[in-house]
Amino acid sequence: MKYNRILLKLSGEALMGERQYGIDPQRLAEYAQEIKQIHDKGVQIAIVIGGGNIFRGLAGASNGMDRVQGDYMGMLATVINGMALQGALEDAGMQTRLQTALEIKAIAEPYIKRKAVRHLEKGRIVIFGAGTGNPYFTTDTAAVLRGVEVEADVILKGTRVDGIYTADPEKDLTATKYDTLTFEDVLKKGLNVMDTTAFTLSQENALPIIVFDMNKPGNLVKVCEGELVGTTVNV
């Protein structure tokens, strides 16, 4: 395998499957099987999930809710998603640990970098919940931050599209896909890969980002094997 330790970033919306809201057990089971394929090949796996299928702090703020309060609600949504994915992974026969940036002793370990790395070294899948634990920071930023901290080789951003395009391929049929980009290319072209804070953190630490279609069976294994699936952003 090309990558020994990865940070997989999944959106909360991805867990909805065909539903309009919440969590689709079938989609969870599918993701668990995809993750199991690379786990069985010895890849060390850390995961960060968004919470948009349950609640978005920014959406709450736009409707008059206090932004900080909304962001904390969003963090709790990521913990719910983390627990759901943890259950699916364990049902598929993998050992997991859920670590959260907010302390919730009854259901998760507090995030401790050394402990997280030790779990990874022992072959356990570590799910990071509650974002960074701070309002105003997205789960994309949390993913890059945790990736840098646990010394992941790459950030794998699993999405509904198979890479980065010149425009939104779901809205513009003439959009073309990039196979590889540099961080500078993304900034110059104004492409939307991650929010600015997350992208800058990744760039400063020379941590590559691969955007790929997580919903296509076998793609996760191909990415970890080094196949040109999706779009790679690197220095």
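The values are calculated or read from the model by the stated rules, or taken from the named source; none is laboratory data. This one's a predicted model, so the numbers in the text were calculated from it and none came from an experiment. As a convention, Cβ positions derive from the backbone with ideal geometry for all residues, glycine included, and neighbour counts pool all protein chains shown. These area figures cover heavy atoms from the full protein model, side chains too; ligands, DNA and RNA do not enter into them. Shrake-Rupley method; radii C 1.70, N 1.55, O 1.52, S 1.80 Å.
In this simple spin-label model, placing a label point 7 Å from the Cα along the Cα-to-Cβ direction at both D213 and E170 gives a separation of 1.4 nm.
If the only charges are +1 at each Lys and Arg Cβ and -1 at each Asp and Glu Cβ, what is the size of the charge dipole of segment 5-234 around the Cα centre, to the nearest 20 debye?
On the way: 25 positive and 29 negative charges, 110 e Å.
Dipole magnitude for segment 5-234 comes out near 540 debye.
Here segment 1-107 is treated with +1 on each Lys and Arg Cβ and -1 on each Asp and Glu Cβ, and its dipole about the Cα centre works out to around 340 debye. Rg over Rh for segment 5-234 works out to 0.94, using Cα positions for both radii and the Kirkwood form for Rh. For the chain, the mean residue ellipticity at 222 nm estimated from helices alone is -11500 deg cm²/dmol, where every DSSP H run of n ≥ 4 contributes -39500 (n - 2.57) and the total is divided by all residues, rounded to the nearest 500. With the cut-off at 29 Å, tell me which of the pairs K41/K216; K105/K216; K115/K189; K41/K157 have Cα atoms farther apart than that. Listed pairs above 29 Å: K105/K216; K115/K189. Bridge orientation summary for the chain: considering DSSP beta bridges with both residues in this region, about 15 percent are antiparallel. With all protein chains in place and a 1.4 Å probe, the accessible surface of the chain carries 49 percent carbon and sulfur.
Extension gain for L58-A92 works out to 8.8 nm (0.36 nm per residue, less the C-alpha to C-alpha distance). Take every Cα pair under 8 Å whose residues are at least 6 apart in sequence, average their separation, divide by the length of the chain, and the relative contact order is 22 percent. Based on protein heavy atoms only, the chain ends up with 47 Å² per residue of surface accessible to a 1.4 Å probe. For segment 52-61, backbone phi angles converted through the Karplus equation (6.51, -1.76, 1.60; θ = phi - 60°) give residue-by-residue couplings of x, 6, 10, 7, 10, x, 5, 5, x, 5 Hz, Gly and Pro being listed as x. Computed from the Cβ-Cβ distance with R0 of 22 Å, the FRET efficiency linking Q33 to K2 stands at 0.55. Here the contact order of segment 137-226, divided by its residue count and restricted to Cα pairs under 8 Å and six or more residues apart, works out to 42 percent. Derived scalar couplings between HN and Hα for segment 78-88 equal 5, 5, 4, 4, x, 5, 5, 5, 4, x, 5 Hz in order, rounded to whole Hz, by the Karplus curve 6.51 cos²θ - 1.76 cosθ + 1.60 (θ = phi - 60°), x for Gly and Pro. Available extension along the chain between M65 and I112 is 13.8 nm, counting 0.36 nm per residue and deducting the alpha carbon span. The residue among I45, Q20, A130 whose Cα reaches farthest toward the positive pole of the charge dipole of segment 1-140, with charges on the beta-carbon of Lys, Arg, Asp and Glu, is I45. Peptides 198-205, 122-129 ordered by packing proxy, namely the average of other Cβ atoms within 10 Å per residue, highest first: 122-129, 198-205.
Taking amide H as placed 1.01 Å from N in the peptide plane, the amide H of I164 sits under 5 Å from that of Y178, T231, each at least 5 places away or on another chain.
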